[in-house]
Structures are given as structure tokens and as C-alpha cells.
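Read-outs: derived from the displayed coordinates by stated rules, not from any lab. These numbers come from a predicted model, not from an experiment. Counting neighbours? That spans all protein chains shown, and the Cβs are built from the backbone with ideal geometry, glycine included.
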Amino acid sequence: MENREMNNQLQIELKEDVAQGTYANLAVITHSSSEFIVDFVRVMPGIPKASVKSRIVLAPEHAKRLLRALEENIGKYERTFGSIRLLDEQSIPPMTNLKGEA
């Protein structure tokens, strides 16, 4: 029985260069009928151009699973560390001029 359980476990490899992570402070989400695309961007103050640091493409079902997992983990975080405060929506400048480049 133990071997059977071990065979059903997914082994995930985390390579050292990926384990370091990449900082992003903006996510741009687009979608089509078959996929969601999440571009993670690092915006630096005073610099008018920002570059995509990572792009993740998800099937709609996986996007919804990600949403649920984030909701669950944010709930756990807030129960442990307190509420996450968001800036007043009026203090965040609208980002209407976002243009992507391939």
C-alpha cells in the first residue's frame, strides 16, 4: 500500500535560479475563450517604461483554481497577520495607457 501511495505523489523540482523568484508589482491579465494570460511586470518609480518579467498562460479551469487558491491563502494570511490594507482607489493613478510589446 505504501508503494502505491508513493507512486501517486507528484514530485515537483524547484531549480535554484527559479527559487530566487522575480519581483513584480503589477499584473496585467488578458484572456481569450481558451486561455488566461497573466503578465507580471516590475514598474519602477520615475521610469515610464516597464517590462514583463514573467508570463503565465493558464486554461480557464486552472485560472479559476488559482483564484480559489489565492482566496484561501489570503484568508489564512489575514487570520495570522491581520487584514491586508489596500490603498484608497482614488490614490492609485489609472493605468489606461498600458501597451504591450511582443
For Arg85 and Ser33, calculate 0.36 nm times their separation in residues minus their Cα-Cα distance, and state this gained length in nm to one decimal. 15.4 nm
Between Phe40 and Asn73, what is the spin-label point distance in nm, taking each point 7 Å from the Cα along the Cα→C-beta axis? 1.0 nm
Burial-style ranking of 7-19, 51-63, average other-beta-carbon count within 10 Å with highest first, yields 51-63, 7-19
Quick one: which residues, 5+ away or cross-chain, put their amide H under 5 Å from the amide H of Val43? H built at 1.01 Å from N. Asn25, Leu26
Whole-Hz couplings from phi, Karplus 6.51/-1.76/1.60, listed for region 61-71; x for Gly and Pro: 5, 6, 4, 5, 5, 5, 4, 5, 5, 5, 4
Once Thr22 and Asn8 are pulled to full extension, the length gained, defined as 0.36 nm per residue separation minus their Cα-Cα distance, is 2.0 nm
